[in-house]
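The values are calculated or read from the model by the stated rules, or taken from the named source; none is laboratory data. Not measured: the values here are computed from a predicted model. Every residue, glycine as well, gets a Cβ built from its backbone with ideal geometry; the counts of neighbours run over all protein chains shown. When the accessible area is computed, the model is the full protein with side chains, heavy atoms only, and any ligands, DNA or RNA have been set aside. Shrake-Rupley method; radii C 1.70, N 1.55, O 1.52, S 1.80 Å.
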Amino acid sequence: MAISEPVVVSQSGAADRLARTWAQPRGFWGWFQNVHHTAIGVRFMVTSFIFFLLGGVLAAMMRWQLVRPEHNAIGPDLYNQLFTVHGSTMIFLFAVPMMFQGFGVYVVPHMCGTRNIAFPRLNAFSYYIYVVGALLLWVGLFLKTGADAGWFAYVPLSGPEFTPGKRSDFWAQMITFTEVSALGVAICITTTILRYRAPGMTLNRMPILLWEKLVTSIMVIFAMPSVMVVSSMLLMDRTINTQFFNPSVGGDVLLYQHLFWFFGHPEVYIIFLPATAIVSTVVAVFARRHIFGYVPIVTSVVATGFLGFSVWVHHMFATGLPQMSASFFTAASLMIVIPTAVQFYCWMATIWHGRLQLKLPMLWIFGFFFVFLIGGLSGVMLASVPLDWQVHDTFFVVAHFHYVLIGGALFPMFGGMYFWIPKITGRMMNDRLGKIHFWLFFVGFNLTFFTMHFLGLHGMPRRVYTYTPEMRWGALNLLATIGVVFMTAGILVFIANFFQSKATGRFAGPNPWGAGSLEWATPSPPPHYNFLELPTVNGREALWEAEPNQPIVGGVREDIPEVLVTNTLDSEPEYRDELPGPSIWPFLTAIAVSIAFIWSIFSPWGIAYGAIPVVITLIGWLWPRGHSPSPRVPEPALEARWIR
Amino acid sequence: MIGFSRVPLLAAGVFASYPGDHSILHPAGPQASNIEWLYWVIFWIVFVVYVVVVLGFMRAGARTYTSADEMLPIMKDEAGDRRASWAVGSAITITVLTLFAVLVMSEITGKKVEGETSKNPVTIQVIGHQWWWEVIYPDPQADQTVTTANEIHVPVGKRVVILTNSADVIHSFWAPSINGKRDLLPGYSSAFWLQIDQPGVYHGQCAEFCGLQHAHMGFSIVAEREDAFSQWKAQQLKPAQDPTELVTVHGRDVFLSHACVMCHTIRGTDAGSRLGPDLTHIGSRQMIAAETLPNTPGALAGWIVDPQRIKPGNRMSPNPLQPDDLQALITYLQTLK
Amino acid sequence: MDPIRERPVLDVSGLPTVMFGKANTTWLANLLYMMIEGTMFALVVASYFYLRTRSSSWPPGNLPPTLGWGITSGAIFLISLVPARYAQRVAPSGDRSKIRWGLLALAGVAVIAMVVRGFELANLNCRWNENAYASTVWALLGLHTGHLITEFIETVVILCVSFTDKMEGTRLADVAINSDYWYFVVVTAILSDFVIYGTTRFL
């Protein structure tokens, strides 16, 4: 079946008109007014990757301190800040901003067949607010007053009595910034997926990636509030003397853990589901066929979304829970394996009954299969309460979550990068360097983290800055540290490959992988109007199932930034909506909100006084700018009709 | 830092080597043994699963691999998909059954581990502090209550219940060779059972991050024969031996006239503060500073003079003593067996 | 391949550019926002009940909050439904005068609600830093008060817009959606008051 390409219909000048309408301002101040999803998506990806590198540096420092017993390279104060900022950076400043926000914001509108993401200014605001939160955490570290109570900052240790100063405040407010950012993007993505899909893209024909982003966005909506509540409670205990967690006056330390993990567990699925989406997308392309088991996979994604909220207490098995509670959460934690297993079997079947072309993105997906699976299986061990009583809070758990997070998110991320970077930059990445990157990283990762299973079994707890020679943990720790060298080398190769390819790589063209989803129907890199002709869709893989004369959408205005809004279930056209153009208000509002949030760490009146500039900037944002006449009253809806 | 001697506890008939056993795979009692059994069962199950799935992916890749450079046309394999439906369905069924089996075995093991209770256990209260363990053997009569720190003695073969609490932040009591861990939560007290069947010393360590010296918050459990245990307990009940020699009297005076009394108790003297570990029988312990240093004169001296060098951030302030004062103090403390 | 050829075109030029009700994408965003804030309320309420299980008496040693102000607050919120619904009903018509009156009345009732809320907070009979009970009561009402204030400001902004000639098209839909959010504020007010006054008296 031939792959359909966009064909120029006799609309001379359309490209120029669209380019002018959708143009984003240039120059220094122009950068702060950009509201196009491709720019914001790239910013999320680049910024989060930088924080990934920074978090990696911290990890290398930790591994250096642990390379031998009683090493005196790093003392306990700095070490505690290192593992806290490492964990917080990787989870809050890298994994979610990259997997959900970066990939989501860039790919989703393209895959829907529309010209921009819904609520473009909210999208831009979400980026700026994320950056401020990220800087807040790291400024604390550089000022030697960094967060140091662990990435989940249990009370009472993180509370006012045991962590004086601003350390936990930086952490708690970083949470607020990054969660507001994620929630903003969740609203944008949910609306885009539910209402901006191309005509013909019914729910049943939606690419798996869109299903996954939809489920992830809903998870964000229900999970993030929990961490906002608990981090605000911590902040209030520390700044205005509330007593939420003080047992002597009725507070409760386990309340913190429940609220935190009610967020914390869905959080890891918020990171993992985007990865499975990349896997489903890439496997289909490189097995040259539709994914096997679309319905079971979509069901599994939705099921994981629900079940993700039912397992949080498995982080608390060692607290002395009632037995019935422990049993329920063990059962739920084992049950949540099933949807992921279903996806694994469907991916295997796709390859088994397809034609495997093992290009670079697919190599990383195989890496994911082999690495994540180890993490998933050690998770089965952790789900078992008696076993968890032994290995909880040891290096066994550290091994487990690095296998599921690196195997389960980082490997698919690199696969996704090799897959979509040609679309973003217009150039293919170097194949040989990509393979070197893979093998260096694969070897280094397993060397470092497989050995940690044994350290945990032999009694080494987490978060220890040193250990004595008599514990006999030295050899394994040395091995684990050596792995860092390989991983670092691999990543450096990747960075070199990226810059070299961007400058001199082979031109990619619109669809170098012969893929089926709509983002591959645009030039590489895509213009700001995304599609010259808005597409319609005939099947689950839009380009593979496009008719030779697949209709295009006409009648959407080209002189204003207008998109077509379709209905949720059938994607039937409903109305046309004008999106806002470039605006400085998202940036200014982000500054105002940042001032209020940061001020409130130092004084409770910060919220009150800081609210004033926030209100001003929000008014600027929301005040209507009528540059195109809209009718006073809505017109009667006309049926969209097919014309030849 | 440490080159320490292995000190045989001849009185207890136990060869004690520090640190004691500390591996999940070297159980010394029924709780840890049950968990170790479960570990191996689940390990082999997941090992087989891993091998099968990895082979599956490798076979899937190998049988359809093509090295073509350009992207090939899209294909369909409806017959293959029908076969695959059966295979996937079977695989899911096996997965569900396997997970169910894991669930059942976990439940059984959990009940066994929690079920090792008794109506007449040895009761011990463990209260977590930053960064040491307060160990109390409670008794309705106050003068029958043993208070010590960091070194827990239990009789072999008898059920022991630990009542947990914390004086400050969350800690976690974990001796891998004995049982899983139990968090020590401020505001909560829970009952945690254990039993040790082989005499020996077993190492434990705090397993919930608790601040600057979390890495140096160890404890040991000394399991000894019943008679040796009773002997130990009786000795611990006694107040501190009155010093008789000149040097030990001087040592006690040093103790009582310096900052030591702000935090430490030595029963039989006026020192009664409970901020720090009870030192009434410090001479009888194998290690000091929560399993960080051996209980030797040199280590003790280094610890007293500058605890911040060994455990930076801990609550004990430096005590720059004159050499003869220090010598006397150490001699005195070593007599407190 | 002939680069210029005829393609069938799905012509959507006849579609409207403004929609009211749940077809409007801002309505959807508003709904999602209510889900977010609703979850926050639910979690604070859950925390409240959780902490209650850890206490033998409730309130633990404090007088319960003064009922009169709670009832007054609830009554004001119920009254506010009238102007909110009115504004929502007249919005599609585009009649700027009616819309202004509706929004003005809503803003006025919101001011009264905020004043009453001030008295309510002053008569909780506890300070937020006394104990966990007090902290949670203040957190719940504080969270709601934040919503009340931001919603009031938003109503005022839309009211100001209604005095300009920009009150047309999508802005009319925004008036209706604003009322939806006000209903959320009312429902969470009633529920919060019920939880606080109920659990300290008869629940």
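So in the range B:158-286, what percent of DSSP beta bridges are antiparallel if you round to the nearest 5? Could the numbers behind the result be given before it?
Working: 14 of 15 bridges.
Antiparallel bridges make up about 95 percent of those DSSP assigns within the range B:158-286.
Just to confirm my numbers, what's the Cα centroid distance between the range B:48-112 and the range A:431-461 in Å?
Measuring centre to centre over Cα atoms gives 24 Å.
Once you keep just the Cα pairs under 8 angstrom separated by 6 or more residues, what percentage relative contact order results for the range B:192-337?
Numbers: 202 pairs, mean separation 38.0, N = 146.
Computed over the range B:192-337, the figure is 26 percent.
How high is the FRET efficiency between residue A:71 and residue A:431 when r is their beta carbon distance and R₀ equals 30 Å, given to the nearest 0.05? Each step should come with its number before you reach the end.
Values: r = 40 Å, r/R0 = 1.34.
Given R0 = 30 Å and the Cβ-Cβ separation, E is 0.15.
Which value in nm describes the separation of the simple spin-label points at residue B:66 and residue C:63, placed 7 Å from the Cα toward the beta carbon?
Modelled inter-label distance: 8.4 nm.
May I ask you to list the residues of the range A:538-578 whose amide nitrogen lies under 15 Å from a point 7 Å from Cα along the Cα→beta-carbon direction of residue A:204?
A:538-541, A:569-572
Output the Kirkwood hydrodynamic radius of the range A:444-579, Cα pairs only, in Å rounded to one decimal.
On the way: mean 1/r = 0.0485 Å⁻¹.
So the Kirkwood estimate lands at 20.6 Å.
Nearest-5 percent of antiparallel DSSP beta bridges in chain B?
Details: 26 of 40 bridges.
Among the beta bridges of chain B, antiparallel pairing accounts for roughly 65 percent.
Under DSSP H, which helices of chain B have Cα atoms covering 27 Å or more of the helix axis and a Kyte-Doolittle average no less than -1.0?
Values: long enough: B:30-64 (51 Å, 1.19); B:78-115 (54 Å, 0.56).
In chain B, the long hydrophobic H runs are B:30-64, B:78-115.
So how tilted is helix C:67-90 from the main axis of chain C? Cα-based, degrees 0 to 90, rounded to 10.
10 degrees
Name the shape class, rounded, prolate or oblate, that the alpha-carbon gyration tensor gives for the range A:523-613, where a ≥ b ≥ c are the square roots of its eigenvalues, rounded holds for a/c under 1.5, and otherwise prolate holds if a/b is larger than b/c and oblate otherwise.
Numbers: a/c = 3.09, a/b = 2.88, b/c = 1.07.
Because a/c hits 1.5 or more and a/b exceeds b/c, the range A:523-613 counts as prolate.
Probe radius 1.4 Å, ligands and nucleic acids left out: which of A:144, B:111 has the largest accessible area, and how do the rest follow?
Numbers: A:144 155, B:111 115 Å².
Putting A:144, B:111 in descending order of accessible area: A:144, B:111.
In whole Å, what is the distance between the alpha-carbon centres of the range A:158-233 and the range B:258-337?
Taking the Cα centre of the range B:258-337 as reference, the centre of the range A:158-233 is 52 Å away.
Report for the protein assembly as shown the percent antiparallel among DSSP-assigned beta bridges with both residues inside it, nearest 5.
Numbers: 38 of 56 bridges.
Once the DSSP bridges in the protein assembly as shown are tallied, antiparallel ones form about 70 percent.
Which lysines have a Cα less than 25 Å from the Cα of residue C:166, not counting those fewer than 8 places away in the same chain?
Cross-link targets: C:22, C:98.
For a test of the definition: using alpha carbon positions, the gyration tensor, and the 1.5 limit on a/c, classify the range B:237-326 as rounded, prolate or oblate. Don't skip to the answer; put the middle values down first.
Working: a/c = 1.43, a/b = 1.29, b/c = 1.11.
Rounded.
Quick one: ranking A:112, B:263 by accessible area, 1.4 Å probe, largest first, what do you get? Numbers along the way, then the final one.
Details: A:112 0, B:263 45 Å².
In descending accessible area the options line up as B:263, A:112.
Taking only DSSP H segments of four or more residues, each worth -39500 (n - 2.57), what value at 222 nm results for chain C once the sum is divided by all its residues, to the nearest 500 deg cm²/dmol? Write down the numbers at each step before the final one.
Numbers: 5 runs with 140 residues, N = 203.
Rounded to the nearest 500, the figure is -24500 deg cm²/dmol.
Where in chain A are the helices, taken as whole DSSP H runs, whose Cα atoms extend 27 angstrom or more along the long axis and whose Kyte-Doolittle mean reaches at least 0.5?
Details: long enough: A:37-65 (42 Å, 1.22); A:120-142 (33 Å, 1.27); A:167-195 (42 Å, 0.81); A:208-239 (45 Å, 1.41); A:253-286 (50 Å, 1.49); A:360-383 (34 Å, 2.13); A:431-457 (40 Å, 0.89); A:474-504 (46 Å, 1.45).
The answer, listed by residue number, is A:37-65, A:120-142, A:167-195, A:208-239, A:253-286, A:360-383, A:431-457, A:474-504.
Other chains' Cβ within 10 Å of A:560-566 residues: what's the mean?
Numbers: counts 1, 0, 2, 1, 3, 7, 1.
That average works out to 2.
What is the packing order of peptides B:204-212, A:295-303, taking the mean over residues of other C-beta atoms within 10 Å and listing the highest first? The partial results should precede the final answer.
On the way: B:204-212: 26.8, A:295-303: 19.0.
In decreasing order of mean packing, B:204-212, A:295-303 become B:204-212, A:295-303.
Return one number: the angle in degrees, 0 to 90 and rounded to the nearest 10, between the long axis of the Cα atoms of helix C:132-161 and the longest principal axis of the Cα atoms of chain C.
30 degrees
Could you work out the relative contact order of chain C, using alpha carbon pairs under 8 angstrom and six or more residues apart, expressed as a whole percent? Please report the intermediate quantities before stating the final value.
On the way: 185 pairs, mean separation 70.7, N = 203.
After rounding, I find 35 percent.
With Cβ to Cβ distances under 11 Å as the rule, what net charge do the other residues near residue A:427 carry (K, R +1; D, E -1)? Walk me through the numbers before you get to the answer.
Details: positive: A:423, A:502, A:506; negative: none.
Summing Lys and Arg as +1 and Asp and Glu as -1 gives +3.
What figure, in Å² to the nearest 10, do you get for the accessible area of residue C:93 with a 1.4 Å probe and non-protein molecules left out?
The accessible area of residue C:93 comes to roughly 70 Å².
Net charge within 15 Å of residue A:293 by Cβ-Cβ distance, Lys/Arg positive one each and Asp/Glu negative one each, not counting residue A:293 itself?
Details: positive: A:289, A:540, B:76, B:82, B:83; negative: A:212, A:541, B:77, B:78, B:81.
Local net charge: 0.
How far, in degrees from 0 to 90, does helix C:96-122 lean away from the longest principal axis of the Cα atoms of chain C, to the nearest 10?
Long axis of C:96-122 versus the principal axis of chain C: about 20 degrees.
Hey, can you grab everything whose amide H is under 5 Å from the amide H of residue B:293? Only 5+ residues off in sequence or another chain; H modelled, so Pro and N-termini drop out.
Long-range HN contacts for residue B:293: B:288.
Compare B:264, B:258, A:36 by solvent-accessible area with a 1.4 Å probe and give them largest first, with all protein chains kept in place. Numbers along the way, then the final one.
On the way: B:264 30, B:258 70, A:36 0 Å².
Per-residue accessible area, sorted high to low, gives B:258, B:264, A:36.
Could you tell me the calculated FRET efficiency between residue B:48 and residue B:117, based on Cβ-Cβ distance and R0 = 35 angstrom, to the nearest 0.05?
On the way: r = 35 Å, r/R0 = 1.01.
Computed FRET efficiency for residue B:48 and residue B:117: 0.50.
Find how many whole Å separate the alpha carbon centroid of the range A:567-612 from the alpha carbon centroid of the range B:195-248.
A separation of 59 Å, based on Cα centres.
With a cut-off of 8 Å between alpha carbons and a minimum separation of six or more residues, what is the relative contact order of chain A in percent?
Working: 1090 pairs, mean separation 128.6, N = 644.
Answer for chain A is 20 percent.
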